[in-house]
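Just below is one structure, and these are the notes that go with it.
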Amino acid sequence: MPETVAVREGRPEDALIITKYNRAMANETESKCLHTQTVLKGVQAGLARPELCRYFVAEVAGHVIGQAMITYEWSDWRNGQLWWLQSVYVHPDHRRQGVFRKLYRHIESLARTASDVRGIRLYVEEKNRSSQSVYAKLGLLPAGYHVYEREFE
């Protein structure tokens, strides 16, 4: 683990670095070039409205080196929430050093102590084998579903 990694909830002043990392992640994993102002407005909205999502950041010496976001899905089958892990990114200089593991364990701990959370889910690009391997090592298993979507923009 590099130096001391601290995990904390995202704050409004983190909006620019979260935006930068979201854009980098989209480019790296899906070759998508996201519009900076659109992402920034989305991040700012999420930071201002925790009922939509919550961001968590990993820091070393006051510098954000990684992030993850959770969103919520109500499950009537489980009478509780599933937390979806999204916008996962660790700066390349800090990968393979346990940064994501620390972020994930922090979020998992919060989920386990929340009385209405029944589990954590995430989706991963199907060709992203390295991330899939990391997720499996943390105990996340393929759920047996395919994600379908229709974008409107």
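A short reminder: the numbers here are calculations on the coordinates, not readings from a lab. The structure displayed is predicted, hence computed values, not measured ones. Every residue, glycine among them, receives a Cβ derived from its backbone with ideal geometry; neighbour counts consider all protein chains shown.
From a point 7 Å beyond the Cα of R96 in the direction of its Cβ, which residues of region 1-26 have a backbone N at a distance under 16 Å?
Residues 1-2 fall inside that zone.
Going down the table (K20/K41; K20/K137; K20/K102; K41/K102), which pairs top 23 Å between alpha carbons? Don't skip to the end; give the middle numbers.
Numbers: K20/K41 12 Å; K20/K137 27 Å; K20/K102 21 Å; K41/K102 27 Å.
Listed pairs above 23 Å: K20/K137; K41/K102.
What's the exposure ranking of E153, E30, E13, E108, going from fewest to most Cβ atoms within 10 Å?
Working: E153 3, E30 12, E13 9, E108 18.
The fewest-first ordering by Cβ neighbours comes to E153, E13, E30, E108.
Across the Cα atoms of the chain, what radius of gyration and what greatest pairwise Cα-Cα distance (Dmax) are found, in Å?
My reading of the Cα-based Rg and Dmax gives 15.3, 43 Å.
What size of dipole, in debye to the nearest 20, comes out for the chain about its Cα centre when the only charges are +1 on Lys and Arg C-beta atoms and -1 on Asp and Glu C-beta atoms?
Values: 21 positive and 18 negative charges, 77 e Å.
In total the dipole reaches around 360 debye.
Tell me the net charge near Y89. Cut-off is 12 Å between Cβ atoms, Y89 excluded, with +1 for each Lys or Arg and -1 for each Asp or Glu.
Working: positive: K20, R23, R95; negative: E28.
For residues surrounding Y89, the net value is +2.
Quote the FRET efficiency, to the nearest 0.05, computed for T4 versus E126 with a Förster distance R0 of 22 Å and r equal to the Cβ-Cβ distance.
Details: r = 35 Å, r/R0 = 1.60.
Once rounded, the FRET efficiency stands at 0.05.
Using only alpha-carbon positions, what ratio does the radius of gyration of region 1-85 give when scaled by 2.2 N^0.38 Å? Walk me through the intermediate numbers first.
On the way: Rg = 14.3 Å, N = 85, 2.2 N^0.38 = 11.9 Å.
It is 1.20.
Got a sec? How would L47, L138 order by Cβ neighbour count within 10 Å, fewest to most? Please report the intermediate quantities before stating the final value.
Working: L47 21, L138 12.
In increasing order of surrounding Cβ atoms, one gets L138, L47.
For the residue pair R49 and R112, what label-to-label distance in nm results when each label sits 7 Å from Cα along the Cα-to-beta-carbon direction?
Result for the modelled spin labels: 3.2 nm.
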